[in-house]
Amino acid sequence: MERFVEGRRAALQENIQCQQEVHVVMGNEACDLDSAVSALALAYFLAKTSSPPKAAFIPVLNIPRSDFALRTETTFLLREQGIAETSLIFRDEIDLARLHRAGLLSLTLVDHHVLPSADAALEEAVVDVLDHRPLERVPSCQFTVELVGSCATLVTERIAQGPPGVLDRTTAALLHGTILLDSVNLSPVAGKVTPRDVACISLLESRFPELPAHNTIYEALQAAKFDVSELTTEQMLRKDLKTLSNDELVLAVSGIYINLETFLHRPNLLQDLEAFCQARGYAGLVAMMVSFNERYEPTRQLAVYSQREALRSTVCQVLEEATAPSLHLQPLPSPWSCVSAYAQGNALASRKKVLPVLRAALGGLGATVGLEEDTAPPPTPMNSLVDESPLAQAVPPLCPQAVLERVSRMAAEQPPDPDK
C-alpha cells in the first residue's frame, strides 16, 4: 500500500501524457476517515487485480489539501501506517472535469452515491459505487449500497472476494481501525454495528493476528479526533464551524475541544482572531469550548470576540439573559477588552441549543444559519461534543481518557445521555 500511494502522482501524469484512462476512486466531501480509507483501499485493490492494468487507479481525497490537517483522526491513522501526506492526492490537485472532457476519466464513488450539483457533469463517468447509507437515487452503473456500519466494511468484503494475497497488513490496519471507529467499537448499544461489520473485523484479524486490540485502536482514534494540539488557531476555528447571518453581518460559531484558559493564552491569539474574521467577512465570533474534568465530565465555556463593541455587548447580553435554555453564564477574566469570556454552568446546552439564542442577537427571524460555505468541513462526524450527534441517544460524549472505561461499561449497560 505505501509504495502504491507513493506512485500515484507519477502514474496520473504518465496516463494523462499518454492519453490513457484515469480511474479515480473518491469518497464524499466530508472526507472523514471512512471516505479516505475506503478510497485508498479500493483503489489499491483495483490496481492489484485489474488485468491488464492500463488505467491509472488514483485515490482522491475529496477536500482541498489545506483542509486535511483538520481531519485529525485520519492524519493520525495514515501517519501510524506509514502513508505520507505528501503522497496523497486531493481534490484541488486533480482536474476531474478536464479529464472527463478529454474522455479519460472513470470514476468510482465510495461512501456516497449521489454527486453534488457542482459535479453533475461527472455523473456519466461513474462506473461503480460502494456506499453504506440509505439509497437516495438508484445509480445508473454497477453499485453496492448496503446499510452496514462503515463503507470500509463493503471495501473489505470486495477485497476478500478477490485473489488471495492482495490484502497487505497496512491496508488491513486501515480498514480495521476505520470499521471499529464507525461502529463505535462494535458496540450493539450504539446501534451502528451489523453482523457484516463484525465478520469483517474477524476476517482482518484472522489474516493479521498482530492487529491492535479493539479498545487500543478505538481509544487512539477517539483521542486523535479531538486532538487539536497541532492545529493553528485558524485551523482550530475552522474544524467545527457554523455561521449565523442577517442582512448586515455574519457571526461565526466555532466548536473547540480545549479549555478556555488554554485557548485565550495561545500565542498571537488576538491577531489570529482578527485575521480569521477579516479574511472571511465575519463581524464576530463565538467560540464554544468543551473540555473534561478529572471525573471525565464535560465542561463548557464561551468566548465572544468582536472589534465592534456594540455587537459584542449585544451577543453577550442575549447569552447572559437566555432562558430557553438558560446557559448559567459566569464571567471569567479575559486578557483583552474585545474578548468576553464565560464559564457555562449548563453543560447540557450544546451548540445546537445555543444557535437559536444567537439568532435572537442578530435580529430574530431575519437571521439564517448554515455551514460556512468557503472552507469549513462538516462538523466532526458521529460524536461531536459540540453538537448533538446521531448517536446522542445511545452513547454519551467521549473524551480520550475516558474511552477505555466507557467502552467496557457500554457492553453491560446503557449509560445516561448528558445531552438530554
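The values are calculated or read from the model by the stated rules, or taken from the named source; none is laboratory data. Not measured: the values here are computed from a predicted model. In this analysis, Cβ positions are derived from the backbone assuming ideal geometry, glycine residues included, and neighbour counts consider all displayed protein chains. Only protein heavy atoms, including side chains, enter the accessible area calculation; ligands, DNA and RNA are left aside. Shrake-Rupley method; radii C 1.70, N 1.55, O 1.52, S 1.80 Å.
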Q) Mind checking the angle between helix 169-182 and the chain's longest principal axis? C-alpha axes, 0 to 90 degrees, to the nearest 10. A) 40
Q: Return the tail of the calculated pair distribution for segment 1-111, meaning the percent of Cα-Cα pairs more than 20 Å apart.
A: 34
(Q) I'd like to check one number: the per residue accessible area of segment 49-154, probe 1.4 Å, reported in Å² as a whole number. (A) 43
Q: Provide the gained length on full extension for the span residue 202 to residue 160, in nm with one decimal, where the gain is 0.36 nm per separating residue minus the Cα-Cα distance.
A: 13.9 nm
Q: Quick one: what are the phi-derived ³J(HN,Hα) couplings along segment 146-153, Karplus 6.51/-1.76/1.60 with θ = phi - 60°, whole Hz, x for glycine and proline?
A: 9, 7, 10, x, 8, 5, 4, 5
Q: Assign unit charges at the C-beta atoms only (+1 for Lys and Arg, -1 for Asp and Glu), then state the dipole size of the chain relative to its Cα centre in Debye, rounded to the nearest 20.
A: 140
(Q) If you restrict to DSSP beta bridges whose two residues both lie in the chain, what percentage is antiparallel, to the nearest 5? (A) 50
Q: Identify which of 153, 233, 72 has the largest mean-square fluctuation in a Gaussian network model of the chain, with springs joining Cα atoms closer than 10 Å.
A: 233
Q. Lys/Arg Cβ at +1, Asp/Glu Cβ at -1, dipole of segment 69-115 taken about the Cα centre: which of 69, 106, 84 is farthest positive-ward?
A. 106
Q: Kindly express, to the nearest 10 degrees and within the range 0 to 90, the angle between helix 309-321's C-alpha long axis and the longest C-alpha principal axis of the chain.
A: 90
Q) Once the Cα gyration tensor of the chain is found, what semi-axes does its equivalent ellipsoid get, as square roots of 5 times the eigenvalues, in whole Å, sorted largest first? A) 40, 26, 18
Q. Hey, what's segment 207-313 come to in accessible area per residue, 1.4 Å probe, Å²?
A. 43
Q: Using 0.36 nm per residue of separation minus the Cα-Cα distance, give me the extension gain between residue 127 and residue 268 in nm, one decimal.
A: 45.8 nm
(Q) Going by Cα centres, segment 249-299 and segment 137-170 are how many Å apart? (A) 40
Q: Could you tell me how many degrees, from 0 to 90 and to the nearest 10, lie between the Cα long axis of helix 8-17 and the main elongation axis, the longest principal axis, of the Cα atoms of the chain?
A: 60
Q. How much of the accessible area of the chain, in percent, comes from carbon and sulfur atoms when a 1.4 Å probe is used?
A. 50
(Q) I need the Kirkwood Rh of segment 108-254: take the reciprocal of the average 1/r across all distinct C-alpha pairs and report it in angstrom. (A) 17.9
Q) Along segment 90-104, what does the Karplus equation 6.51 cos²θ - 1.76 cosθ + 1.60 (θ = phi - 60°) give for ³J(HN,Hα), rounded to whole Hz, x for Gly and Pro? A) 9, 4, 7, 10, 9, 9, 5, 4, 5, 4, 5, 4, 7, x, 9
